[in-house]
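Report on the following structure.
The values are calculated or read from the model by the stated rules, or taken from the named source; none is laboratory data. Nothing here was measured: the structure is a model prediction, and the numbers come from that model. A quick note on method: Cβ atoms are made from the backbone with ideal geometry, for glycine too, and the neighbour counts reach across all protein chains shown. The protein model used for the area step is the full one, side chains on, heavy atoms only, and it has no ligands, DNA or RNA in it. Shrake-Rupley method; radii C 1.70, N 1.55, O 1.52, S 1.80 Å.
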Amino acid sequence: MTPPAVLGRDPLPEPWVAGAGPMLWSLRVGEYRDRAVARQAVLDGAELARCRAFLRDTDRDRYRVAHVALRQLLGAYLDRDPADVRLTREPCPGCGEPHGRPAVAAGAPHFSHSRDAVLMAFADTPVGVDVEAMPDAGTAAEMGALFHPAERAELAALPYAARPAAVVRCWARKEAYLKGVGIGLGEDLSVTHVGAGSAPAAVPGWTLTDVPAQPGYAAACAIRTADSGTNRS
């Protein structure tokens, strides 16, 4: 997969055309913070209230940057003012409550976004994306212990020094897939096999791809290609 476009460096996209996706965009919170503050009027009342509710500046900055950037891109793709984009939540596939995958009321494009090194994906079908920072060896061991048995075996076969990179690669794949499904970490990390090796495992109904990321990070994108199933092998 080609590296994501960079918001603030590359021009905003043209209106969305069916079949054009997936489209990936990235930015760093620290580099986009001042622009997000200047443009926060595009956020709706609920977003502004949540932004004000954060106790830590770092959390507030991360939320504001991600949501302002998301609205800028959705506004460009939908050919409307970013402030006029209506965001909603789809039903959770686990419980049916309205806290599932975020969506636009217009239905397309589908989107997902993630974290400090903000990564966003847009596609015709449900999509999930994740970017994760490299953990230290101790944290990586704790994370890896939560994985699918086949992934734990893959990690055990690697030299100790190579395991943190494999763990963060696997974690990014899992979160991307689970965000795409709409259940997030509501599913135990040991259930779906996404693979900890150099290439993602096959997940029925989904295309899972590693995404080029900045040094010290791993990223992945999951796009639904058919009625999704769960790989429990």
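For region 158-198, rounded, prolate or oblate, judged on the Cα gyration tensor with a ≥ b ≥ c (square roots of eigenvalues), a/c < 1.5 rounded, else prolate if a/b > b/c?
prolate
Just to confirm a number: summing +1 for Lys and Arg and -1 for Asp and Glu over residues other than Val17 whose beta-carbon lies under 13 angstrom from that of Val17, what do you get?
Within the 13 Å Cβ shell, the charges total -3.
For region 20-132, what ratio Rg/Rh do Cα atoms give with a Kirkwood hydrodynamic radius?
Radius of gyration over Kirkwood radius for region 20-132 works out to 0.95.
Which of Leu78, Val68, Ala103 sits closest to the plus end of the dipole of region 38-132, meaning its Cα is farthest towards the positive end, when Lys and Arg get +1 and Asp and Glu get -1 on the C-beta?
Looking along the dipole axis, the top candidate is Val68.
I need the phi-derived Karplus couplings for region 10-23: 6.51 cos²θ - 1.76 cosθ + 1.60, θ = phi - 60°, integer Hz, Gly and Pro marked x.
For region 10-23, the Karplus curve yields 8, x, 4, x, 6, x, 4, 10, 3, x, 7, x, x, 10 Hz.
Show me 72-83, 176-187 ranked by packing, highest mean number of other Cβ atoms within 10 Å first.
Ranking the peptides 72-83, 176-187 by packing returns 176-187, 72-83.
How large is the charge dipole for region 109-233, taken about the Cα centre, if only the Cβ atoms of Lys, Arg (+1) and Asp, Glu (-1) carry charge, to the nearest 20 debye?
With only Lys, Arg, Asp and Glu charged at Cβ, the dipole is about 140 debye.
Taking only Cα atoms, what is the 0 to 90° angle, nearest 10, from helix 29-38's long axis to the longest principal axis of the chain?
20 degrees
In degrees between 0 and 90, to the nearest 10, how far off the longest principal axis of the chain does helix 163-181 point, with axes built from Cα atoms?
Approximately 50 degrees, to the nearest 10.
How much of the accessible area of the chain, in percent, comes from carbon and sulfur atoms when a 1.4 Å probe is used?
Result for the chain: 54 percent of the exposed heavy-atom area is carbon or sulfur.
Need one number: convex hull volume per residue for the chain, Cα atoms only, in Å³.
It comes to 130 Å³ per residue, whole-number rounded.
Over the chain, what relative contact order in percent results from Cα pairs under 8 Å that are six or more residues apart?
Relative contact order, the chain: 18 percent.
Calculate the dipole size of the chain relative to its Cα centre from +1 charges on Lys and Arg beta carbons and -1 charges on Asp and Glu beta carbons; express the result in debye to the nearest 20.
In debye, rounded to 20, the chain gives about 260.
So what's the angle, to the nearest 10 degrees on a 0 to 90 scale, between helix 57-78 and the longest Cα principal axis of the chain?
Here the helix axis deviates by roughly 70 degrees.
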